[in-house]
Amino acid sequence: MRSRVHRHLASVVPELFADLPPAMATLSVAGALDAEGERPVLPPEFNWRDYTVMLLHVAAEIEHSLMVQYLFAAYSMGGPQVPEELRDDVRRWQEIILGIAKEEMGHLVTVQNLLTALGGPMNLDREDYPWGSDFYPFAFSLRPLSARSLATYVVAESPETWSGPEAEAIKEVAADTAGQYVNRVGALYGRIDSVLKNKDFLPDELFHAETLPYQASWDEWGRGYTRGQRGQEAGNVPDVASPQLLVFGVFSRDSARKALHEIGEQGEAPDVDEQDETSHFNRFLGIYRALAGLPPEQQALVARRVAENPVTAHRLNEVEAADRAAAEVTTSPITDPFTALWGHLFNLRYRMLLTDIAHAFRLAGPLDNGGVLTGRGALVHRAFAEMYNLRAVAGRLVELPLERDVPDGLRAGPTFEMPYSLELPHHDHDCWLLQRDLVQASRLLVDQLVDTDPASARDPYLIALRESDQRALEQIEHVLGRKGCTR
Amino acid sequence: MTTIRELRVLPPLAIGRLGAATEPMDNYTAETDPDQPLAPRRLRPAPTLRVDPATGAITGADTPERLRFTDGHGKVRPVAPFLEVWALTDDDVLRPLTVDLLEANDLTPDDVQWRVRVGNHKIQRRTYDDDDRIDADTEWFSDHTAHVLMGLCANFLDDKFLPLGHARYVKPTPEFPGIRLRFTPAGGHVYGSAYTDRPTDPDPNVVDFLYDATRGKWRGHADQPGDPRLTIPAQIYAGDDGPDGSWVSRGYLDDECDGLVHVKLEVLGRELSAFGRIGAGPPAYAPDSVPIRTVADELDQALFGPRATDRDGLEHARAVAEEVLRRATETVRLMNTEVMNGNTVDGRVDAASTMVRQDTADTGRLYEPIMAPSLVDAGAVLALHQHVLAALRSGTAPWFADVLRDHDEVGDLTAKGRRKMPALMRGADGRSLALTRRQVDLVRLAARQAIFRQAGDETRGPR
């Protein structure tokens with residue numbers, strides 16, 4: 001977590017600062033919960049609204065990071081080496097993990113809604129990998145699926161009360177994989193709620209119902225996934241209920257607290273309930289038990305041999321180690337030039353996804369059953385289109401070699417490197433200029449891929465991507481020509 | 001040995017298309033453009049058999065340089081299919097029946113006999129009056145003249161018949177020795193009903209009055225609410241508002257038809273026979289697009305069952321998934337998604353007959369757009385479908401199986417149920433359209449299996 005955020009977190013996790021110099025320790029005292037454990041104390045440099053916005057920023061980064069880690073694990077699964085008898089299980093597990101990642105996406109946009117309702121800036125940022133976190137003291141890390149990586153997800157989503165021999169064993173595996181672990185996400189959401197519920201801290205008028213048309217809605221972002229109870233029907237895979245995408249609009253204190261409560265409950269199951277199959281914790285635990293029950297040689301076959309924390313070649317000179325209580329984790333530079341270009345394409349489409357989401361939040365949805373449409377709907381669709389592109393490019397990266405001239409070595413895997421900035425320009429016209437920049441950059445990358453490996457000129461995906469980029473450019477030019485920006 | 005043992009008419013089902021131009025439509029194929037895989041299919045001219053109107057013989061099989069769907073004077077060129085006779089010979093080979101094969105069996109083309117029987121029972125289906133059935137029968141023939149398919153009906157005016165096109169036994173030649181029949185559909189005209197006991201106003205919509213509105217009940221007919229035999233929705237005939245909300249028929253007829261083409265041949269004292277099916281529908285006004293669910297999909301399901309089987313390999317399942325997406329893209333291109341979604345358009349609420357209106361009219365459901373109104377900008381919806389198609393072409397497992405509507409979900413009027421795919425469209429039962437069970441199951445098969453492949457691994461067996 002970035003240091004400029006980190007220095008304020010003593011207010012939530014004071015124990016992190018206990019052994020630091022007195023000045024920091026003072027901040028810690030300033031921010032700690034009071035004796036009853038109920039009433040939060042405002043840290044220096046804040047008022048309550050701004051403090052809430054800061055905490056929501058941290059929450060957004062965590063949801064974003066979880067989602068990306070889970071996506072990486074899910075994309076790593078499969079491959080021709082998976083034994084026939086395991087394939088139904090592996091496909092089912094992948095579907096479950098993808099479902100959890102989709103639900104984290106719902107959490108992420110719901111946190112943006114909270115920010116929007118409070119009039120705070122949205123936050124789609126996060127650190128690159130690997131990195132240490134105050135809330136997740138093991139390093140966030142992109143790892144192919146294994147019992148070891150799964151153990152870290154189980155622990156990350158576990159309720160505070162989870163204990164017993166199995167819990168201890170899994171925590172040990174997680175600690176061995178990623179460093180000592182203490183779950184503090186619950187503490188974060190608890191702290192935000194303790195501020196939200198207090199009228200003295202946040203008066204009613206700070207919840208801006210008029211921002212609803214700008215917020216994400218389930219109708220726009222749910223894509224047919226269940227609202228309410230998680231779907232009963234098998235979707236892509238038999239016996240896997242479809243995900244429950246929670247996207248809550250925020251228009252009052254109650255709706256803000258409900259949104260926070262629901263996403264907290266879906267993820268980190270506040271209490272251990274073995275029967276509750278809906279929490280991420282129980283779903284991960286179920287997969288962990290099945291996977292860990294396999295012989296080690298079979299466990300090794302469920303995922304492709306994908307590198308940890310793959311990064312594109314322009315970072316060749318950097319070797320990063322995660323900080324804070326973490327096991328030593330480093331990046332895996334992609335040295336195969338062709339693979340690296342696919343990595344860049346992945347990063348670029350990831351940036352396009354984040355840009356589309358941010359841009360969509362800039363534009364209001366229609367108020368009257370669509371009498372006046374803005375570019376918002378198109379941006380929501382573009383965001384989903386980029387998710388599909390990420391899936392497609394990830395599918396390539398898990399098959400391509402990491403290292404130059406080592407064709408049988410590790411595979412690369414999706415890179416998920418953050419862009420230099422997620423700031424949108426002030427004017428809508430300039431946002432569309434940025435959109436055009438990104439599409440043009442994509443076309444350049446496709447050209448480079450074809451130059452590097454002429455066989456790529458016949459790659460059905462690249463041909464189709466080039467065409468869809470061309471169509472996107474035409475749409476953007478249409479908007480820029482003031483023919484379609486708003487109407 | 002080439003003794004003819006059995007006959008077949010191939011294709012077993014041929015669908016013609018109406019058109020008033022003299023020259024039938026040229027042959028063409030609809031192919032995906034490899035350089036623009038997201039674009040509509042590209043139509044390519046294909047070798048086209050030309051039939052001499054005077055002799056009934058094929059004079060050539062050239063490929064036209066460009067395709068033209070009208071005669072240049074506003075008349076549509078009909079699609080006139082050929083039906084070929086094939087013979088199963090005693091060496092167990094199915095081969096085209098030709099002049100040579102006939103000769104080898106001591107027969108000539110004159111020994112081949114044809115009979116075409118077609119009907120148009122649209123009026124009878126509404127009125128339940130058998131005197132409203134329109135049928136045509138050529139009786140047996142062996143010559144090569146064009147046999148008009150005269151649709152006769154007990155309730156027609158004296159000496160009137162409904163022209164349903166014509167059938168012609170194509171004269172075999174040394175260059176084109178095959179035994180074929182060509183069905184040329186009718187012109188695509190609208191006919192009317194006239195009274196015999198009072199004057200009938202002229203009607204610019206009709207080319208002629210055929211039906212005796214005094215004798216028959218078709219003109220003035222109104223579907224009776226509550227009749228379980230009605231089509232869903234009912235009242236889908238040209239009409240006008242009548243008393244008590246009824247919908248009163250204007251008495252129009254069209255010249256579509258369907259029926260059987262019979263062929264028979266006596267070989268060594270045994271009469272062999274076979275038949276094929278023909279039909280005529282309206283012209284294709286988007287010939288580069290394929291509807292999301294077609295008769296071919298129904299036949300596929302009837303033949304192979306509703307579930308994917310061990311015979312369906314992963315590549316086939318993937319191809320079906322991509323084809324579904326391609327057709328969805330082609331369909332979206334033709335849809336006014338804002339109106340069909342039930343959006344308020346230019347200030348108009350409930351602007352057209354849509355699934356939204358139908359859900360409300362049939363069940364009293366709240367009138368509410370199906371998708372979020374912001375999402376249905378036509379260009380954006382098309383772009384989204386194109387992106388899905390692009391991603392599929394990467395070899396990615398299809399992930400949209402869980403948003404496909406199952407056959408037993410067509411009446412699910414929840415927000416989620418109405419948003420399943422294909423969306424905004426009506427099925428034959430009046431509720432939301434679903435793909436065939438087999439289409440859905442094949443997409444799911446691809447979704448389950450595609451993660452276990454490796455690029456370049458093209459030799460995958462059945463699942």
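The values are calculated or read from the model by the stated rules, or taken from the named source; none is laboratory data. None of these values were measured; they are calculated from a predicted model. Note: ideal-geometry Cβ built from the backbone for every residue, glycine included; neighbour counts use all protein chains shown. Protein only, heavy atoms only, side chains kept; ligands, DNA and RNA dropped before computing areas. Shrake-Rupley method; radii C 1.70, N 1.55, O 1.52, S 1.80 Å.
At R0 = 25 Å, how high is the FRET efficiency between B:Asp158 and B:Asp240 if r is their beta carbon distance? Nearest 0.05 is fine.
Working: r = 27 Å, r/R0 = 1.10.
FRET efficiency, B:Asp158 to B:Asp240: 0.35.
Between the DSSP loop rule and a limit of at most 14 other Cβ atoms within 10 Å, which chymotrypsin sites (Phe, Trp or Tyr not before Pro) in segment A:334-420 are left? Mind showing how you got there, number by number?
On the way: sites: A:Phe338, A:Trp342, A:Phe346, A:Tyr350, A:Phe361, A:Phe384, A:Tyr388, A:Phe416, A:Tyr420; in loops: A:Phe416, A:Tyr420.
Filter output for segment A:334-420: A:Tyr420.
How big is the gap, in Å, between the Cα center of segment B:168-212 and the Cα center of segment B:30-81?
Taking the Cα centre of segment B:30-81 as reference, the centre of segment B:168-212 is 22 Å away.
Mind ranking A:373-381, B:135-143, A:156-164 by how tightly packed they are, going by the mean number of other C-beta atoms within 10 angstrom, highest first? Show your work: numbers first, answer last.
Numbers: A:373-381: 24.7, B:135-143: 15.3, A:156-164: 17.7.
The packing order, highest mean first, is A:373-381, A:156-164, B:135-143.
Rank B:Gly165, B:Pro199, A:Pro425 by how far each Cα sits towards the positive end of the charge dipole of the protein assembly as shown (+1 on Lys, Arg Cβ; -1 on Asp, Glu Cβ) and give me just the farthest.
B:Pro199
Taking +1 at the Cβ of each Lys and Arg and -1 at the Cβ of each Asp and Glu, which of B:Ala321, B:Ala274, B:Pro306 sits farthest along the dipole of segment B:264-344 towards its positive end, judged by Cα position relative to the Cα centre?
B:Ala274
Run the accessible area of segment B:202-256 with a 1.4 Å probe and give the carbon-and-sulfur part as a rounded percent.
Values: 1660 of 3120 Å².
That fraction is 53 percent.
Could you order B:Leu149, A:Leu294 by accessible surface area, starting with the largest, using a probe radius of 1.4 Å?
A:Leu294, B:Leu149
Want the number for A:Asp88 to A:Glu127: 0.36 nm per residue separation, take away the alpha-carbon distance, what's left?
Between A:Asp88 and A:Glu127, full extension yields an extra 10.5 nm.
Calculate the spin-label point distance for B:Thr145 paired with A:Asp193, positioning each point 7 Å from the Cα along the beta-carbon direction, and give it in nanometres.
Placing both labels 7 Å beyond Cα along the Cβ direction yields 9.1 nm.
Please compute the modelled spin-label separation between B:His73 and B:Asp52, points set 7 Å along Cα→Cβ, answer in nm with one decimal.
Simple spin-label model gives 2.4 nm for this pair.
For chain B, what is the relative contact order in percent, using Cα pairs closer than 8 Å and at least 6 residues apart in sequence?
On the way: 917 pairs, mean separation 66.7, N = 463.
Computed over chain B, the figure is 14 percent.
Which value in nm describes the separation of the simple spin-label points at A:Gln81 and B:Arg311, placed 7 Å from the Cα toward the beta carbon?
Placing both labels 7 Å along Cα→Cβ, they lie 3.7 nm apart.
Find the sum over both chains of the accessible area lost when A and B are paired, probe 1.4 Å, and report it in Å² to the nearest 100. Could you put the intermediate results ahead of the total?
Numbers: alone 20930 and 23900 Å², together 40310 Å².
Using a 1.4 Å probe, the pair buries roughly 4500 Å².
Alpha carbon centre of segment A:389-424 versus segment B:233-250: separation in Å?
Cα centroid to Cα centroid, the span is 62 Å.
At a probe radius of 1.4 Å, what is the per-residue accessible area of B:Thr2, in Å² to the nearest 10?
50 Å²
Give me the percent of the accessible area of segment B:138-191 that comes from carbon and sulfur atoms, probe 1.4 Å, all protein chains in place. Walk me through the numbers before you get to the answer.
On the way: 1280 of 2240 Å².
Looking at segment B:138-191 in its full context, I get 57 percent from C and S.
Listed here are the pairs B:Lys122/B:Lys264; B:Lys217/B:Lys420; A:Lys102/A:Lys197; B:Lys217/B:Lys264; B:Lys122/B:Lys171; which of them are more than 32 Å apart at the Cα?
Details: B:Lys122/B:Lys264 30 Å; B:Lys217/B:Lys420 42 Å; A:Lys102/A:Lys197 28 Å; B:Lys217/B:Lys264 39 Å; B:Lys122/B:Lys171 34 Å.
Going by Cα-Cα distance, B:Lys217/B:Lys420; B:Lys217/B:Lys264; B:Lys122/B:Lys171 fall outside the 32 Å limit.
How large is ³J(HN,Hα), in whole Hz, for each residue of segment A:433-439 in order, when computed from phi with the Karplus curve 6.51 cos²θ - 1.76 cosθ + 1.60 and θ = phi - 60°, using x for Gly and Pro?
Taking θ as phi minus 60°, the curve returns 4, 4, 4, 5, 3, 5, 5 Hz for segment A:433-439.
For an R0 of 41 angstrom, estimate the FRET efficiency from the Cβ-Cβ distance between B:Arg5 and B:Gln224 and round to the nearest 0.05. Let's see the in-between values first.
On the way: r = 53 Å, r/R0 = 1.28.
My answer for the efficiency is 0.20.
Which order do peptides A:101-107, B:350-356 fall in by mean Cβ count within 10 Å, highest first? Don't jump to the answer; show the numbers that get you there.
On the way: A:101-107: 23.7, B:350-356: 18.1.
With the highest mean Cβ count within 10 Å placed first, the list reads A:101-107, B:350-356.
Near A:Lys199, which lysines are there with a Cα under 17 Å away, not counting those fewer than 8 places off in the same chain?
The qualifying lysines are A:Lys258.
Multiply the residue separation of A:Arg39 and A:Lys258 by 0.36 nm, subtract the distance between their alpha-carbon atoms, and state the gained length in nm to one decimal. Before the final figure, lay out the partial values.
Numbers: separation 219, 0.36 × 219 = 78.84 nm, distance 1.94 nm.
Gain on extension, A:Arg39 to A:Lys258, equals 76.9 nm.
Amide H of B:Lys171 versus every other amide H placed in the peptide plane: which residues, excluding those fewer than 5 positions away on the same chain, fall under 5 Å?
B:Ala57, B:Ile58
How big is the charge dipole of the protein assembly as shown about its Cα centre, in debye rounded to the nearest 20, if each Lys and Arg gets +1 on its Cβ and each Asp and Glu gets -1 on its Cβ? Working shown, then result.
Details: 103 positive and 143 negative charges, 204 e Å.
Charge dipole of the protein assembly as shown: 980 debye, to the nearest 20.
Arrange the peptides A:430-439, B:180-189, A:114-123 so that the one whose residues have, on average, the most other Cβ atoms within 10 Å appears first. Kindly include the intermediate steps, with their values, before the conclusion.
Numbers: A:430-439: 17.7, B:180-189: 21.9, A:114-123: 20.2.
Ranking, from highest mean packing down: B:180-189, A:114-123, A:430-439.
Quick one: which residues, 5 or more positions from B:Arg68 or on another chain, have an amide H under 5 Å from its amide H? H modelled 1.01 Å from N in the peptide plane, none for Pro or chain starts.
Residues meeting the criterion, in which the H sits 1.01 Å from N, are B:Asp26.
Suppose R0 equals 35 Å; then what is the FRET efficiency for B:Asp106 and B:Thr22 from their Cβ-Cβ distance, rounded to the nearest 0.05? List each step's numbers first, then the result.
Working: r = 39 Å, r/R0 = 1.11.
Once rounded, the FRET efficiency stands at 0.35.
Over all residues in B:32-39, what is the mean tally of Cβ atoms on other chains that come within 10 Å of each residue's Cβ?
Details: counts 0, 2, 3, 3, 6, 7, 8, 2.
Per residue, the number of nearby Cβ atoms from other chains is 4 on average.
Taking every residue in A:381-387, how many Cβ atoms of other protein chains lie within 10 Å of its Cβ, on average?
Details: counts 12, 4, 1, 4, 9, 2, 3.
Partner-chain Cβ atoms within 10 Å, mean over residues of A:381-387: 5.
Which of the trypsin sites (Lys or Arg not before Pro) found in segment B:286-345 are loop residues per DSSP with 10 or fewer other Cβ atoms within 10 Å of their Cβ? Let's see the in-between values first.
On the way: sites: B:Arg293, B:Arg307, B:Arg311, B:Arg318, B:Arg326, B:Arg327, B:Arg333; in loops: B:Arg293, B:Arg307, B:Arg311.
Taking segment B:286-345 and a limit of 10 other Cβ atoms within 10 Å, the loop trypsin sites (Lys or Arg not before Pro) found are B:Arg311.
Amide H to amide H, which residues 5 or more places from A:Gly370 or on other chains are under 5 Å from it, using H placed in the peptide plane?
For A:Gly370, whose amide H was placed from the backbone, the distant partners under 5 Å are B:Thr344.
Other chains near A:391-403: what is the mean number of their Cβ atoms within 10 Å of each residue's Cβ? Write out the running numbers ahead of the final one.
Numbers: counts 5, 9, 3, 2, 9, 4, 0, 1, 5, 1, 0, 0, 0.
Other-chain Cβ atoms within 10 Å of each residue's Cβ, averaged: 3.
Provide the gained length on full extension for the span B:Thr29 to B:Arg198, in nm with one decimal, where the gain is 0.36 nm per separating residue minus the Cα-Cα distance.
Working: separation 169, 0.36 × 169 = 60.84 nm, distance 5.17 nm.
55.7 nm is the gain from fully extending B:Thr29 to B:Arg198.
Sorted by accessible area (1.4 Å probe), largest first, how do A:Arg349, B:Arg5, B:Arg68 line up? Each step should come with its number before you reach the end.
Values: A:Arg349 0, B:Arg5 80, B:Arg68 110 Å².
Result, largest first: B:Arg68, B:Arg5, A:Arg349.
Using protein chains only and a probe of 1.4 angstrom, how many square angstrom of B:Ile451 are accessible, to the nearest 10?
Its accessible surface works out to 20 Å², give or take rounding.
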